[in-house]
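Below is one structure, written out as structure tokens, with a few remarks after it.
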Amino acid sequence: MAALDGNVARVLARLQTIPGDPRTGASRAAVEAAATAFLNPGSPGDHNQALMELGALVCLPRAPRCEACPLAGACLARASGRPEAFPRSRPRKASVSVRLAAGVARRRKRLVLVEDAFLVPGHLVVPLLEVAAGDDAGQALAAAWPRLAGRPVARVEFAATVRHAVLERRYAVEVFEVTEAPVASTAPGRRVTPGAGPRLLLPEELAGVPRGGLMRKILALSAPDPDPERSSRPAPARRGPAPPKRSGG
Ligand code: SF4
């Protein structure tokens with residue numbers, strides 16, 4: 001029986017210039033038929049092994065080494081002059097740009113964290129807010145802070161913009177230092193249980209909680225990540241001189 005992994009499919013698609021994506025539909029059927037027709041019935045195991053190795057070592061996806069290929073004389077893709085054009089690569093999804101504002105706030109040295117609603121559900125992250133194009137991210141964050149973190153805001157101050165990508169989503173995150181207004185009814189330093197509001201954690205407590213790459217980039221702006229193996233201080237893209245401090249509303 002003819003083996004047909006991705007490397008073999010690529011070789012066969014090139015040998016016969018089979019159009020389309022060999023993983024699906026009519027192209028898949030054509031590649032399967034070619035694999036069966038091409039199989040050496042006298043030594044199928046050696047044949048499959050040789051074809052897989054050819055795909056892995058010679059008929060490389062982006063830069064096939066046709067000059068070293070024993071099948072070069074029979075290869076239609078090579079004869080076309082553009083062997084790398086076969087098979088057709090899967091179309092990439094268009095990237096989506098997302099603008100976020102992030103607020104770094106502390107209550108008696110404890111970071112204010114919430115459950116991530118944007119990137120990895122279940123992870124902890126500083127409060128995030130999606131911001132529409134043209135809106136002032138700082139003002140939008142200050143206005144939303146009581147809903148996000150349960151307290152009014154005294155001041156937001158721009159720190160830096162960090163960039164982060166997850167699959168096709170490209171995040172531009174404007175990070176602000178947030179100074180919260182005091183609330184008399186909340187005991188200072190009280191730890192709030194998950195689901196009842198934000199989590200308040202000391203920096204050294206962060207090592208034990210799940211947090212993603214964006215969170216580490218944001219925290220590296222103000223303090224090293226407490227987990228040294230995962231710590232990396234990014235080079236934030238500053239938006240020119242830091243804007244003047246402004247009061248939130
Ligand atoms: S000649 Fe080039 S494109 Fe054709 S099978 Fe060999 S390495 Fe692949």
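We did not get these values from a lab; they are worked out from the coordinates using the rules stated. Computed from a prediction, not measured in an experiment: that's the story for all the values here. Glycine also receives a Cβ, built like all others from the backbone with ideal geometry; neighbour counts cover every protein chain displayed.
Which whole-number percentage describes the relative contact order of region 6-85, with Cα contacts under 8 Å and a sequence gap of 6 or more? Please report the intermediate quantities before stating the final value.
On the way: 76 pairs, mean separation 29.0, N = 80.
The value is 36 percent.
Using the Karplus curve 6.51 cos²θ - 1.76 cosθ + 1.60 with θ = phi - 60°, what ³J(HN,Hα) values do you get for each residue of region 129-145, in whole Hz, with x for Gly and Pro?
Going residue by residue, I get 9, 6, 10, 6, 4, x, 7, 7, 5, x, 5, 4, 5, 4, 5, 8, 4 Hz, with x marking Gly and Pro.
Among LEU15, ALA34, PRO44, pick out the residue whose Cα is farthest towards the positive end of the charge dipole of region 1-48, where Lys and Arg carry +1 and Asp and Glu carry -1 on C-beta, about the Cα centre.
Positive-most Cα among the choices belongs to LEU15.
Collect residues whose amide H, placed 1.01 Å from N in the peptide plane, falls under 5 Å from the amide H of ALA154; neighbours closer than 5 in sequence don't count.
THR179, GLU180, ALA181
In nm, to one decimal, how far is the modelled label at GLU130 from the one at GLU115, with both set 7 Å along Cα→Cβ?
Modelled inter-label distance: 1.8 nm.
Tell me the label-point distance for the pair ALA72, ALA154, using the 7 Å Cα-to-Cβ offset, in nm and rounded to one decimal.
Placing both labels 7 Å along Cα→Cβ, they lie 7.4 nm apart.
Using the Karplus curve 6.51 cos²θ - 1.76 cosθ + 1.60 with θ = phi - 60°, work out ³J(HN,Hα) for each residue of region 3-9 in order, rounded to whole Hz, and write x for Gly and Pro.
6, 8, 8, x, 5, 5, 4
Kindly provide the trypsin sites (Lys or Arg not before Pro) of region 98-141 that DSSP labels as loop, not H, G, I, E or B, and whose Cβ sees at most 13 other Cβ atoms within 10 Å.
Sites meeting the loop and neighbour criteria: ARG108, LYS109.
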